[in-house]
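No value in this document is a laboratory result; all are computed from the given coordinates. Quick caveat, the model's predicted, so the values are computed rather than measured. Cβ placement follows ideal geometry from the backbone for every residue including glycine, while neighbour counts extend to all protein chains displayed.
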DNA sequence: CGACTTTGAGATAGCGCTACCTTATTAATC
DNA sequence: GATTAATAAGGTAGCGCTATCTCAAAGTCG
């Protein structure tokens, strides 16, 4: 048994820790991984030795030997949206302290890119994957299934055997917005959506259904696949005013669009909320400072990240959560704009 | 020589590729890594075999054997700031197609957290590191130096032997803002800064120096270490108006603060730019849509990421760039607010 | 109380690659 | 034409860990 520092990094190896603790290498390995079958007294000796040598395990060696890394892949459709940043941060706050490394994959709302990322990152043998929603290519889904890596889905809910997900009902949120606008006496409603991912469409559906339930004609829809931006919000608002000048309530699929619309309204002298009520989505920082302060749906994005990460940890321990579809709800923040 | 699929992933191994190509494993390895000493004809055979088997190298094995991974660590002070997201995206656009994996470390503007991230990620033996600015703990700097990993510094410039950096002069940008406000006839200037990192202070210095050069008294400063936010911008603006009601020009250290101030001004009826000129920094998306449209300094954050990544790649090839401090400049976007 | 299980520790053998050394082949030099 | 130098391929031996098997010691039961 050799016990010398690592060739490359010059850092101590497990063999050195074992030698110092006076145990075999494999016992040291087990002790450091907190595997039950090691005597507590020996385990303490090993931990002391590791601390004294400032031992840090070599992740590559660990991954090669065990065929599973300690990294967790998180796939999000965008980083430019503050929404996912907060989710990511919450995930990291849970996983990093427990010794997991978080790999971030941004697929820019593109299925082919997501597929490519999955293909690439699977070669790193992640021990778990966090995914956004359920809408992905057949191939991507098959890759995930074949890999046999535990997955947790975020943002959307689905009651299905073997699927663990954390989110809220996008439909219910859309419905809530419709009910709010109706309660304000608005009757000529519109929906403005961009970057039409599954969740935007679900919100739209919930919104329209609530309007239908109230016995009103469907909301006019302006939808574009372009990426959302403040600027686009202004453009779509102008288009809406031109096509349907008597609109009195608008649900924007996200706050960025609503911000842009608000600026245009200020500029054109369109009175919000007197002439038109405006509601956004996500309650991004800044929504409460807008002029007028923007009504928006606060989504539990940080909490979703936190619970998704925790659920994944449970799965890694072999536990099966009793609640497989965790609904964290949402909150309509009513402000001046409606 | 065994040539069977990987135990864990079931995926083909290098041995299989070699067998199929009728060469030794090491030759296959060299061919796939494009090492010159292999016959072009053999190399083609190897590449064909790899393609036929859909071979993907095992990064853990590669890292363990070569004591160097194919991952590049990028350390940024925040993800919540759109600025760094754009830089990150540009970095990934350069590095991912070349087979490098990008590891993102967010240290939340905290030196101790940066140090911890460096310590942690060095165990993954990254082949290069991209850092933000030069301001870090002694320990962090020593860790980096000892690791012997090529580094490129972003956002700030420093002419120093052996340091490769890509950015722009924060001082010059600050000075440019001062000159612009002075050219608009503003004489009672202020500087409002939050999240006081080195770059904010450099902008402030440049701003004050330009004011001094014009023979005017220094700008009044409101500075707070709190994280920047739209809301904070409004608060600091109100504080400034109370303490120095005759201020006629404000340089906000970033756009978020300027946004918040603009909203407060609208709400209070403070006329921008008639009563006070306002200038932001970074020219975030939305600055051009604000009411009034915000004058801001457009920073080359995407280009910085792109060039920093390219420079790092050069260093990895053993090349030494002739320009070690690449100044990408900036552009003052003059709009309605000034 | 002897056969059986349980438990904790160690020895061994890789994981899938690449560094390094060695050998075979060809080119270059006097 | 013998010696040296350059070049290209292969053999071998790990990288630093963990899975798996083995074995001794201690507990359990009818």
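Here are a few things to note about the model shown:
- Per residue, the convex hull volume that the Cα atoms of the protein assembly as shown enclose (Å³): 185
- Residue with peak Gaussian network fluctuation, chain A [Cα springs, cutoff 10 Å], from A:229, A:262, A:314: A:314
- Taking one quarter of the surface of the convex hull spanned by the alpha-carbon atoms of segment B:29-179 gives a direction-averaged projected area of 12.1 nm².
- Projecting 7 Å from Cα along the Cα-to-Cβ direction, the label point of residue B:113 sits 2.5 nm from its equivalents in the other copies, listed shortest first.
- Position residue B:65, label points 7 Å along Cα→Cβ, spacing to each other copy in nm (shortest first, one decimal): 1.9
- Two numbers describe the Cα atoms of segment A:231-338: Rg and Dmax, which are 18.3, 60 Å.
- Prolate/oblate/rounded label for segment A:170-298 (Cα gyration tensor, a/c 1.5): rounded
- Mean ellipticity per residue at 222 nm, deg cm²/dmol - from DSSP H runs of n ≥ 4 across chain A, formula -39500 (n - 2.57): -13500 deg cm²/dmol
- Considering only A:45, A:158, A:213, the Gaussian network model of chain A with Cα springs below 10 Å gives its largest mean-square fluctuation to A:45.
- Among A:183, A:296, A:277, the largest mean-square fluctuation in a Gaussian network model of chain A (Cα springs under 10 Å) belongs to A:183.
- Rg/Rg_ref, segment B:282-327, where Rg_ref = 2.2 N^0.38 Å and atoms are Cα: 1.70
- Residue exposure sequence - B:256, A:327, A:197 - by fewest surrounding Cβ within 10 Å: A:327, A:197, B:256
- Compared with the dominant principal axis of the Cα atoms in chain A, helix A:301-316 is inclined by about 30°.
- Distance from the alpha carbon centroid of segment B:20-70 to that of segment A:75-100 works out to 35 angstrom.
- Computed over chain A: relative contact order in percent, which uses C-alpha pairs under 8 Å that are six or more apart: 16
- Dividing the mean sequence gap of close Cα pairs (under 8 Å, 6+ apart) by how many residues segment B:14-57 holds gives a relative contact order of 42 percent.
- Between 0 and 90°, nearest 10: helix B:255-268 axis offset from chain B longest Cα axis: 30
- Sorted largest first, the principal axis extents computed over the alpha-carbon atoms of chain A equal 83, 39, 34 Å.
- Degrees between helix A:111-122 axis and first principal axis of chain A (Cα, 0 to 90, nearest 10): 10
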